[in-house]
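Input: a single structure, listed below in structure tokens.
Only the coordinates and a few stated rules stand behind these numbers; no lab work does. Remember, predicted model here, so these are calculated numbers, not experimental data. Cβ placement follows ideal geometry from the backbone for every residue including glycine, while neighbour counts extend to all protein chains displayed.
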Amino acid sequence: MGAPAATPAAPSEPSAADPGAGRGARLGPVGLVVAGAFSVQFGAAIAVLLMPRAGAFGVVTLRLVLAALVLLVVCRPRLRGHSRADWGTVLAFGAAMGAMNILFYQAADRIPLGAAVTLEVLGPLALSVIVTRRLVNLLWAGLALGGVVLLSGGGFDRLDPVGAVCALAAGGMWAAYIVFSARTGRRFPQADGLALAMAVAALISLPMGVLEAGDILLDPEVLALGLGVALLSSVLPYTLELLALRRLPASTFAVMMSLEPAVAAMAGFLVLSQALAVTDAVAIALVIAASVGAVRARKVPPGKPSRSGA
């Protein structure tokens, strides 16, 4: 579609004459992230409903393949004119996206949606602690760890060990997704890089999905539900997040993602009738509190230069 976009400048600080300007400038990307969170988690709840028919691998394949087709048709990304580094970034982004989705759906098939996202979100939180390199963030990381221990009841056997490990591994891939999404957004115009990365992720999941689900993937009703999941869980939120990452540091975005357990718990309750125990609600609240604390700890005092993320 066009030449690769130049690397965007770091977000500017508000001027002393207009202290509200910075808040107004940040409202846009923050709104994009929140909208994306609601879209992806309610899409995930619909995907869980589809799993008894198509299986976890089948659902993630439907999601990624249909999302890739939609994005490729809409964006029509240009294949020529990109450097080897551009393609390496897209391949890494697509691999992280594919692994993140495969692992998360394996977790969601075994443990409640709110618990799966709470464990998964430790990846972005760890990324924020590593990137900011501030001692106070170790306190927030410890608070999040306390929430996870509470969620597991002192041992992951309460949740299902395989599901818990898959959720934690998905969190690691989520951190990688954040880093490579930001880099892809800087190297490709519009959502071209996202469309190409989605195609890579779809190719990774396709053999496993066909092997598990077979002909059920071509059932009209399954295809319709799969398209809904693709739009809600991939096309819309990933596009919103990519746009947000062009204006937000990756570390700030990573901690904002930690609010998703609450959204996932809401979606699990409303769509899947997955009620939370009191201890589970407290555990999720601890992880969210750790996220908010990490965001506040990262704020730069007035008059000091800001540091942009990866």
**OP:** Quote to one decimal, in nm, the extra length available between L203 and R186 on full extension: 0.36 nm per residue of separation minus the C-alpha distance between them.
**Re:** 3.7 nm
Subject >> Rounded to whole Hz, the Karplus (6.51, -1.76, 1.60) HN-Hα couplings of the stretch 183-198, x for glycine and proline >> reply: 5, 5, x, 7, 9, 10, x, 6, 10, 4, x, 5, 4, 5, 5, 4
Subject >> ³J(HN,Hα) computed for each position of the stretch 102-113 - Karplus, 6.51 cos²θ - 1.76 cosθ + 1.60, integer Hz, glycine/proline x >> reply: 4, 5, 5, 5, 5, 5, 5, 6, 10, 10, x, 4
Original post:
Using a simple spin-label model with points 7 Å from Cα along the Cα→Cβ vector, what separation in nm is obtained for L139 and A277?
Top reply: 3.0
Original post:
In square nanometres, what is the average projected area of the Cα convex hull of the stretch 31-298?
Top reply: 13.4
**OP:** With a cut-off of 19 Å, note down the residues of the stretch 59-92 whose backbone N falls inside the zone around a label point 7 Å from the Cα of F38 toward its beta carbon.
**Re:** none
**OP:** Note down the nm distance, to one decimal, between modelled labels 7 Å out along Cα→Cβ at L270 and at R84.
**Re:** 4.9
Original post:
Across every pair of different alpha-carbon atoms, what Kirkwood hydrodynamic radius in Å does the stretch 67-208 reach?
Top reply: 16.3
**OP:** Per residue of the stretch 62-75, in order, report the coupling 6.51 cos²θ - 1.76 cosθ + 1.60 (Karplus, θ = phi - 60°) as ³J(HN,Hα) in whole Hz, putting x for Gly and Pro.
**Re:** 4, 4, 6, 5, 5, 5, 4, 4, 4, 5, 5, 5, 6, 8
Original post:
In debye to the nearest 20, how big a dipole does the stretch 192-247 give about its Cα centre with +1 on each Lys and Arg Cβ and -1 on each Asp and Glu Cβ?
Top reply: 400
**OP:** Determine the shape class of the stretch 87-141: with a ≥ b ≥ c the square roots of the Cα gyration tensor eigenvalues, call it rounded for a/c under 1.5, and otherwise prolate if a/b is greater than b/c, oblate otherwise.
**Re:** oblate
Subject >> Net dipole in debye of the stretch 31-298 [+1 Lys, Arg Cβ; -1 Asp, Glu Cβ; about Cα centre; nearest 20] >> reply: 1220
